[in-house]
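Each remark here refers to the structure printed beneath this line.
Read the figures in this text as sums done on the coordinates, not as results from a lab. Keep in mind it's a predicted model, so treat the numbers as computed, not measured. With ideal geometry, Cβ positions are generated from the backbone for all residues, glycine too; neighbour counts draw on all protein chains shown.
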Amino acid sequence: MQFFDQAAVAHGLPYPALIDALATGLQLPIESPARSVYTPNGDSSAVLIMPAWKAHENMGVKLVSIWPGNSAKGRSAVSAVYVLISCEDGNPIAVLDGTELTLRRTAAAVALAARILARKNSQTLAILGTGSLSAPMAVAHASVMDFKTILVWGRDAKKAQAVVESLALQGITAEVSGDLQATLAQADVVSAASTATVPFIRSDWVKPGTHLGLMGAFTPTMAEAEPTLMPRAQVFADNREAILQKGGEVLQAIQRGLIAASDIQAELAELAVSPQKLWRRSDEAITVFKSVGFASLDLIAAEMVFNAPLQSGK
């Protein structure tokens, strides 16, 4: 059995290749049942169990710990471990750092959607939130689109500056934006990743033509954008079933009768199979890609890491 630590997972999942691997892999038959959620402390902290498999090939199971209170302590709110199992004999064949796997596959999936849905002349990217996903989101988006400006907004300016400095070390120039309304007024592409339970993206602050990737609200009670934004937008999902179960502001908009479930126009696999389709109604359309994550993404990424040593001749 092989072990892939954080560095090995990062090395095995460069963003351009991972984004392409997700686009291809999502077109293959993968079973991905609904995740199981447990709250051992009876509060907002939770443990998720996320399995996925390809019959007679591999099965993967991810254990994810989500502790929102860690952010106030300067610790990551999300951590995970991933186990890859052979479906030929049932033996575990690899254990991977699931935290790095999750960060990269999430960023890659949202960037893939942006590559397809955002206006091709988009010049300004706004990263909303200063958690562990912030820098990966910027790097992933910058790998698929040529942005002239990258803005980082967060409630804590020091944390936003830390994200900017982290990006600088990776060769990406970004700047802190202290005013959310002004940030949204400039942004062509918005990537939001937070643990917010109260919406902070106001509907009337989002300008026509904006593409938003919302991935922080992963339970029915969480929200980053106001549900009233959804009737103004073309709505897309990483996975319809998952969004209809726990899709934050999109689910809330459906429950309030602002939109119908049928208004989710496509999910990520459908976008990936027809990337040249004119999904946007016009350059003035607002597009929303809602992501809560699903296990097929993890399996595709884990197999990519596992096969990387063979591809490099090691």
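Take the alpha-carbon centre of segment 164-209, take the same for segment 283-299, and report the distance between them in whole Å.
17
Given springs between every Cα pair under 10 Å in a Gaussian network model of the chain, which of Leu278, Leu103, Leu133 has the largest fluctuation?
With Cα springs under 10 Å in the chain, the top fluctuation among Leu278, Leu103, Leu133 is at Leu278.
Which lysines, if any, have their Cα less than 16 Å from the Cα of Lys148, not counting same-chain residues under 8 positions apart?
Lys120
With a ≥ b ≥ c taken as the square roots of the eigenvalues of the C-alpha gyration tensor of segment 213-301, please select rounded if a/c is under 1.5 and otherwise prolate if a/b is larger than b/c or oblate if it is not?
Judged from the Cα gyration tensor, segment 213-301 comes out oblate (a/c at least 1.5, b/c at or above a/b).
Distance check, please: which entries in Lys73/Lys207; Lys54/Lys246; Lys54/Lys159; Lys62/Lys290 exceed 32 angstrom between their Cα atoms?
Result: Lys73/Lys207; Lys54/Lys159 exceed 32 Å.
Only bridges with both residues in segment 1-156 count here: give the DSSP antiparallel percent, nearest 5.
75
Report for the chain the percent antiparallel among DSSP-assigned beta bridges with both residues inside it, nearest 5.
Expressed as a percentage, antiparallel bridges in the chain total about 45.
Quick one: if the Förster radius is 41 Å, what FRET efficiency do Thr149 and Ser76 give, using the C-beta to C-beta distance and rounding to 0.05?
After rounding to 0.05, the efficiency reads 0.90.
Per Stokes-Einstein, at 37 °C and 0.692 mPa s, what whole-number D in µm² s⁻¹ belongs to segment 8-142, with the Kirkwood radius over Cα pairs as the hydrodynamic radius?
Rounded to a whole number, D works out at 199 µm²/s.
Between Gln186 and Gln6, what is the spin-label point distance in nm, taking each point 7 Å from the Cα along the Cα→C-beta axis?
3.0
Would you please give the residues with an amide H less than 5 Å from that of Ala217, counting only those at least 5 places away or on a separate chain, with H modeled from the backbone geometry?
Close amide H contacts, sequence-distant or interchain: Ser194, Glu224.
Semi-axes of the equivalent ellipsoid of segment 41-89: what are they in whole Å, largest first, if each equals the square root of 5 times a C-alpha gyration tensor eigenvalue?
30, 10, 6
Determine the distance separating the Cα centre of segment 234-276 from the Cα centre of segment 1-75; give it in Å without decimals.
21
Which of Gly213, Gly69, Gly42 moves most in a GNM of the chain, Cα contacts under 10 Å?
Gly42
Within a Cβ distance under 11 Å of Gly69, other residues only, what is the Lys/Arg minus Asp/Glu net charge?
After counting each charged neighbour, the total is +1.
How big is the convex hull of the Cα atoms of the chain, per residue, in Å³?
Looking at the chain, the number lands at 129 Å³ per residue.
Relative to 2.2 N^0.38 Å, what does the C-alpha radius of gyration of segment 119-293 come to as a ratio? Two decimals please.
Normalised Rg, Cα atoms only: 0.97.
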